[in-house]
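All of the numbers you see were taken from the coordinates with simple rules; none came from a lab. The shown structure was predicted, so the numbers you read here are calculated from the model rather than taken from an experiment. Methodologically, a virtual Cβ is constructed for each residue, glycine included, from the backbone with ideal geometry; neighbour enumeration extends over all protein chains shown.
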């Protein structure tokens with residue numbers, strides 16, 4: 001699921017076409033796989049993903065053949081809560097939280113609609 005998502009990623013700019021390569025990717029321990037890390041490394045994207053305890057144990061058991069520990073920018077990882085709060089706002093819609101939609105296109109349309117409503121709400125609340 002992660003790799004197709006990265007294929008659709010666009011980071012807007014003030015002028016010109018959007019970038020397809022972000023500066024960094026923040027994720028939780030579930031995204032700490034060898035495939036994801038190698039994909040990000042190959043594209044020159046900084047991975048801000050902590051290493052799970054079981055992977056640390058496997059690496060330490062292998063000794064010098066286990067490789068180096070994963071580098072983690074702890075200050076950058078603390079900012080991940082902004083993303084989590086955004087997901088919590090999206091999941092306030094019951095249909096999005098329970099994923100009733102069978103087609104990914106319909107589900108994505110509901111997410112976009114939710115985002116547009118959330119974006120326009122502060123504009124209409126101003127006196």
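What percent does the relative contact order of region 1-70 come to when contacts are Cα pairs within less than 8 Å and at least six residues apart? So the answer I get is 24 percent. Rounded to the nearest 10 degrees, the angle from helix 104-125 to the longest Cα principal axis of the chain is 60 degrees. Placing dummy labels 7 Å off each Cα toward the beta-carbon, the span from residue 74 to residue 30 is 2.5 nm.
With 0.36 nm allotted per residue and the present C-alpha distance subtracted, the residue 121-residue 43 stretch has 24.4 nm of extension available.
Return the single residue from 36, 49, 117 with maximal mean-square fluctuation; model: Gaussian network over the chain, springs between Cα atoms under 10 Å. Looking only at 36, 49, 117, the largest GNM fluctuation is found for 117. Most mobile of 57, 16, 67 per a Gaussian network model of the chain (Cα springs, under 10 Å)? Maximum fluctuation in the GNM of the chain, among the listed residues, is at 16. The angle between the Cα long axis of helix 80-90 and the longest principal axis of the Cα atoms of the chain comes to about 40 degrees, rounded to the nearest 10. So, R0 is 41 Å and r is the distance between the beta-carbons of residue 58 and residue 94; what FRET efficiency does that work out to, to 0.05? In this case the efficiency is close to 0.55.
For region 1-77, the Stokes-Einstein estimate of translational diffusion at 37 °C and a viscosity of 0.692 mPa s comes to 235 µm²/s, using the Kirkwood hydrodynamic radius over alpha-carbon pairs.
The fraction of Cα-Cα pairs per 10 angstrom bin, counted from 0 for region 65-109, comes to 21, 29, 22, 21, 7 percent, rounded to whole percents.
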